[in-house]
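Working notes for the structure below.
Values in this text are rule-based calculations from the coordinates and carry no lab data. Note that the structure is predicted; figures quoted are calculated from it, not measured. Note that each Cβ is placed from the backbone with ideal geometry, even for glycine, and that neighbours are counted across all protein chains shown.
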Amino acid sequence: MKTEDLKAQGLTEEQINFVMGENGKDLKALQEENATLKTEKTQLENDKKVLEKEKGEKEKALKDLQNGSITKEEHDRLVKEIEQNSKKAQDEYIFNDLLEKALDSAKVKKDEKTRKAFISLLDKEKIKLSDDKKSLIGIKEQTDAYKKEIPHFYDTKVSGYSPAEPDGDKGDGDGEVSMAANFAKEANKSEAGETKSLFFN
């Protein structure tokens, strides 16, 4: 959708701004839904990998018990340890994913060196996974504080849709730019680098 198409329909600048703004909200909602689905898919893939490892280790422990390599007490201890390690691996994955999202929200620069350096400054003992495993407790306080201490670690660029302006070129050479192009450009920027776990490395 372009502003020139709306102008051709006789809409005023105010009406164009409203239509484009509403269209932008719909596009943003779709992008967020897509991001959520991708996160859930990746989470399920990780869970599958962890559970497959747990299954293999339990089968080996059972086999060792059956052939007399270990006692029943040792088998039970191993099973409990295997389950604890699986839970820890799943929690660490969720923690790292939420950490990256928290740093994105705080506008910490996304390049690997900056992220790694920033994470090394965090007081890890004060950051906890919430009971519902959907957020981190204690991260926002630290990212907010560091904005004043180390502002060069943060991206200061402001992105978003600017209302249509009748004067001047909007960037595509014909005086107009599509709202979809604006949001597609921002989406491409946000997905330029694949999330990488740094906190537990």
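Overview of results
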| read-out | value |
| --- | --- |
| Farthest toward positive dipole pole in the stretch 57-154 [+1 Lys/Arg, -1 Asp/Glu at C-beta], among 61, 153, 143 | 153 |
| Label-point gap, in nm, between residue 52 and residue 150 - each point 7 angstrom along Cα→Cβ | 3.7 nm |
| Principal axis dimensions, the stretch 14-102 - Cα atoms, whole angstrom, descending | 80, 19, 13 |
| Under Karplus coefficients 6.51, -1.76 and 1.60, residue-wise ³J(HN,Hα) of the stretch 131-138 in Hz, glycine/proline x | 4, 7, 6, 10, 7, 10, 9, x |
| Computed label-point distance, nm, for sites residue 5 and residue 133 using a 7 Å Cα→Cβ extension | 4.3 nm |
| Entries of 87/128; 87/113; 41/126; 101/134 with Cα pairs more than 18 Å apart | 87/113; 41/126 |
| Rounded to whole Å, sorted largest first: equivalent-ellipsoid semi-axes of the stretch 5-155, Cα gyration tensor | 47, 23, 11 |
| Per residue, the convex hull volume that the Cα atoms of the stretch 78-147 enclose (Å³) | 100 Å³ |
